[in-house]
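Remarks on the structure that follows.
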Amino acid sequence: MAGLGLGAFWAAMAITLFAGFVKGALGFAMPMIMISAFSSFLPPEVALAGLILPTLVANIGQAFRQGAAAAWGSVCKYRRSIIATVVFIAISAQFVRVIPQDLFLFGLGFPITLFAVLQLLGRSLALKLEHRDRAEWGLGVISGLYGGVSGVWGPPLLVFLLSVGADKVETVRVQGVVFLIGAVVLCVAHLQSGVLNGQTLPFSAALVVPSLLGMWAGQWVQDRLDQAKFRRWTQGLLVVTGLNLMRRAVGM
């Protein structure tokens, strides 16, 4: 499958199970964990293709967990971020083979790490409400640019949600909605780019099963986290995520 040996295939399944658990618990980081780990033993295009279908299916469950009406409400409320993310995923995905990913990854990882560390230290970095619309557009553009190239577009959105003080349920649902729409665009874009093809599609489809099992277990944990712990866990994972993006950028 996708030219993988048995050991590499089962390693990918185990990584996806863990990534699904983290996504179920906190609502994000599944593609970041998968692409970071996969890149250590899979070709870049196979690693990117592998995360596409599990991400798509997992986000369907996350977006609609509170029902279609709640999901539609999130679409309307965060439409600016959704529009910007979708448009720029479609644009940047076409340049996946020519854009230097190292520079992109470091440029994303550094500010995310700085933001999360300052939040953990008790510094208030909340966006002023009069600038909320511009911030939402801007972070949506950044999400889309990185998403099309790396398959990772969650951190800028999460930074925005943390800044405006969204509660746990809304944070997870909005991420699911935005990630779902972005995942559909990413899937279509990479069917066109050739990253998803007859060899990589079966591999990506196989990874759907462990992603859903892990997500179910993670959601059980999420339901038992209070708001303060949820926010701290999220900030901590952002620090780890940002550091890992910078690690990938410098080739460590």
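The values are calculated or read from the model by the stated rules, or taken from the named source; none is laboratory data. Source: prediction; values computed, not measured. Glycine also receives a Cβ, built like all others from the backbone with ideal geometry; neighbour counts cover every protein chain displayed.
Taking SER211 as the residue in question, decide whether it is over 14 Å from the mean Cα position of the chain (by Cα) and either over 23 Å from LEU42 (Cβ atoms) or part of a helix (DSSP H, G or I) (or both).
In short, no.
Conditions: (1) surrounded by fewer than 21 Cβ atoms within 10 Å (Cβ to Cβ); (2) under 28 Å from VAL250 (Cβ atoms); (3) not acidic (Asp, Glu). ALA12 meets all but one. Number of the miss?
Checking ALA12 against (1) surrounded by fewer than 21 Cβ atoms within 10 Å (Cβ to Cβ); (2) under 28 Å from VAL250 (Cβ atoms); (3) not acidic (Asp, Glu), the one that fails is (1).
How many residues, within segment 59-94, are under 25 Å from GLN192 (Cβ atoms) and either of a type in the set (A, V, I, L, M) or touching a strand residue (DSSP E or B) at 6+ places or on another chain (Cβ under 8 Å) (or both)?
Residues in segment 59-94 being under 25 Å from GLN192 (Cβ atoms) and either of a type in the set (A, V, I, L, M) or touching a strand residue (DSSP E or B) at 6+ places or on another chain (Cβ under 8 Å) (or both): 12 in total.
Taking ALA249, is it under 23 Å from GLN66 (Cβ atoms) and either in a helix (DSSP H, G or I) or over 12 Å from the mean Cα position of the chain (by Cα) (or both)? Spell out how you get there, then give the answer.
Working: under 23 Å from GLN66 (Cβ atoms): no; either in a helix (DSSP H, G or I) or over 12 Å from the mean Cα position of the chain (by Cα) (or both): yes.
No, not satisfied.
Take the residues in segment 53-90 that are surrounded by fewer than 17 Cβ atoms within 10 Å (Cβ to Cβ), within 17 Å of ASP133 (Cα to Cα) and in contact (Cβ under 8 Å) with a residue 60 or more places away in the chain; name whichever of them is nearest to the chain's Cα centre (by Cα).
Selected residue: VAL75.
Give the residue, chosen from GLY198, GLY251, that is at pLDDT below 85 and surrounded by fewer than 19 Cβ atoms within 10 Å (Cβ to Cβ).
Result: GLY251 is the single residue among GLY198, GLY251 that is at pLDDT below 85 and surrounded by fewer than 19 Cβ atoms within 10 Å (Cβ to Cβ).
If you check SER92, SER81, SER36, which single one turns out to be in contact with a Lys or Arg (Cβ under 7 Å, 6 or more places away or on another chain), closer than 20 Å to PRO156 by Cα and assigned to a helix (DSSP H, G or I)?
Among SER92, SER81, SER36, only SER36 is in contact with a Lys or Arg (Cβ under 7 Å, 6 or more places away or on another chain), closer than 20 Å to PRO156 by Cα and assigned to a helix (DSSP H, G or I).
In segment 22-32, how many residues are modelled with pLDDT of 80 or more, assigned to a helix (DSSP H, G or I) and surrounded by 24 or more Cβ atoms within 10 Å (Cβ to Cβ)?
6
When only residues in segment 33-49 that are of a type in the set (Gly, Ala, Ser) and at pLDDT 85 or above count, which is surrounded by the fewest Cβ atoms within 10 Å (Cβ to Cβ)?
Within segment 33-49, the match that is surrounded by the fewest Cβ atoms within 10 Å (Cβ to Cβ) is ALA47.
Please work out which residue is surrounded by the fewest Cβ atoms within 10 Å (Cβ to Cβ), limiting yourself to segment 139-170 and to residues that are hydroxyl-bearing (Ser, Thr, Tyr) and closer than 13 Å to SER81 by Cβ.
Among those that are hydroxyl-bearing (Ser, Thr, Tyr) and closer than 13 Å to SER81 by Cβ, it is SER163.
Considering only residues that are under 26 Å from ILE82 (Cα atoms) and in contact with a Gly (Cβ under 7 Å, 6 or more places away or on another chain), which ones fall in segment 186-204?
LEU186, ALA189, SER204
Can you tell me how many residues in segment 28-43 are more than 17 Å from LEU186 (Cβ to Cβ) and under 9 Å from the mean Cα position of the chain (by Cα)?
Count: 0.
How many of the residues making up segment 189-208 are in contact (Cβ under 8 Å) with a residue 12 or more places away in the chain and either assigned to a helix (DSSP H, G or I) or in contact with a strand residue (DSSP E or B) (Cβ under 6 Å, 6 or more places away or on another chain) (or both)?
Adding up the residues that qualify gives 12.
In segment 50-78, which residue that is touching a helix residue (DSSP H, G or I) at 6+ places or on another chain (Cβ under 8 Å) and not in a helix (DSSP H, G or I) is modelled with the highest pLDDT?
The selected residue is PHE64.
Limited to segment 218-231, what total is found for residues that are part of a helix (DSSP H, G or I) and surrounded by 14 or more Cβ atoms within 10 Å (Cβ to Cβ)?
6
Can you list residue pairs whose Cβ atoms sit under 7 Å apart, with the first residue in segment 160-184 being under 19 Å from GLN235 (Cα atoms) and the second being of a type in the set (Phe, Trp, Tyr) and at pLDDT 85 or above? Count only pairs 6 or more apart in sequence or on different chains.
Once the first residue is under 19 Å from GLN235 (Cα atoms) and sits in segment 160-184, its partners that are of a type in the set (Phe, Trp, Tyr) and at pLDDT 85 or above give VAL174/TYR78.
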